[in-house]
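*Asks:* Sharing a structure with you now.
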Amino acid sequence: MKISFKQTKNLDFNKVVDIFFEVGFLKHQNKRDTYKRAIKKAFLNSQFVVSAWIGNELVGFTRVVTDKSLFATICNLLVKNKYQKKGIGKELVKRCLDKYPQLHLFIVADKKVVGFYQKLGFKIHPYGMYLEKGKKACVIYN
Ligand SMILES: CC(C)(COP(=O)(O)OP(=O)(O)OC[C@H]1O[C@@H](n2cnc3c(N)ncnc32)[C@H](O)[C@@H]1OP(=O)(O)O)[C@@H](O)C(=O)NCCC(=O)NCCS
């Protein structure tokens, strides 16, 4: 199984949204168009997008939002279910780290993937904070 990686924002966002649904991050098919618009805009406004491919099949992706001087955050790291645990997620994160080696990198992780990020050297910050705006504030979480 040959996996290749591309650094491009030029993705088929229908396929991107399919993977969001497949991993359970999106629930309502009737909101698909709204989700797709929001996700496409988020990817296009990111500074770095990297995707994983098996032949012509998009199998995973992630993106970085950064000021390119001090801070960067990794968002939306997703690998298709049947290709998980094959090193693809790790390689996608590694390419983000390689792209911005000098920046402070932070992520907001799902509880179930904390171990994955710890394996890559990330530490849990005891004072990480966020502003609770409620689910309605973000179109893809309602
Ligand atoms: C999280 C995710 C991206 C990991 O991608 P992946 O390709 O399966 O991970 P890898 O195969 O590169 O795993 C790298 C290492 O982490 C381990 N690992 C993978 N998922 C893990 C998890 N959930 N918890 C702990 N360790 C995990 C692997 O066993 C592997 O360990 P090894 O290096 O000792 O062999 C993938 O499971 C996924 O897309 N999940 C659904 C979406 C999601 O939750 N994304 C995270 C958003 S915060």
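The values are calculated or read from the model by the stated rules, or taken from the named source; none is laboratory data. Only a predicted model underlies this, so the values are computations on that prediction, with no experimental measurement involved. Neighbour counts are summed over all protein chains in view; Cβ atoms, including those assigned to glycine, are modelled from backbone coordinates with ideal geometry.
*Asks:* What do you reckon, is ASN45 of a type in the set (S, T, N, Q), more than 9 Å from the ligand (Cβ to nearest atom) and within 13 Å of LYS6 (Cα to Cα)?
*Replies:* no
*Asks:* Residue pairs, Cβ under 7 Å, 6 or more apart or interchain, first in segment 82-98 and closer than 11 Å to VAL50 by Cα, second of a type in the set (S, T, N, Q) and more than 6 Å from the ligand (Cβ to nearest atom). List them.
*Replies:* Partner pairs satisfying both residue conditions: LEU92/THR62; VAL93/THR62; CYS96/THR62.
*Asks:* Moving to a separate point now. Which residues, taken from segment 87-142, are over 19 Å from GLN7 (Cα atoms), of a type in the set (Ser, Thr, Tyr) and surrounded by 15 or more Cβ atoms within 10 Å (Cβ to Cβ)?
*Replies:* TYR117
*Asks:* Got a number for residues in segment 8-36 being under 16 Å from the mean Cα position of the chain (by Cα) and either part of a helix (DSSP H, G or I) or over 24 Å from LYS86 (Cβ atoms) (or both)?
*Replies:* 14
*Asks:* Looking at PHE43, PHE5, which is the one that is at pLDDT 95 or above, closer than 23 Å to TYR100 by Cα and part of a helix (DSSP H, G or I)?
*Replies:* After applying the criteria, what remains is PHE43.
*Asks:* A further question follows. Can you tell me which of (1) at pLDDT 95 or above; (2) farther than 17 Å from LYS6 by Cα is the one GLY60 doesn't meet?
*Replies:* (2)
*Asks:* Still on this model: Being buried (at least 16 other Cβ atoms within 10 Å of the Cβ) and assigned to a helix (DSSP H, G or I) is the filter here; which residues of segment 53-86 pass it?
*Replies:* Of everything in segment 53-86, just one residue is buried (at least 16 other Cβ atoms within 10 Å of the Cβ) and assigned to a helix (DSSP H, G or I), namely TYR83.
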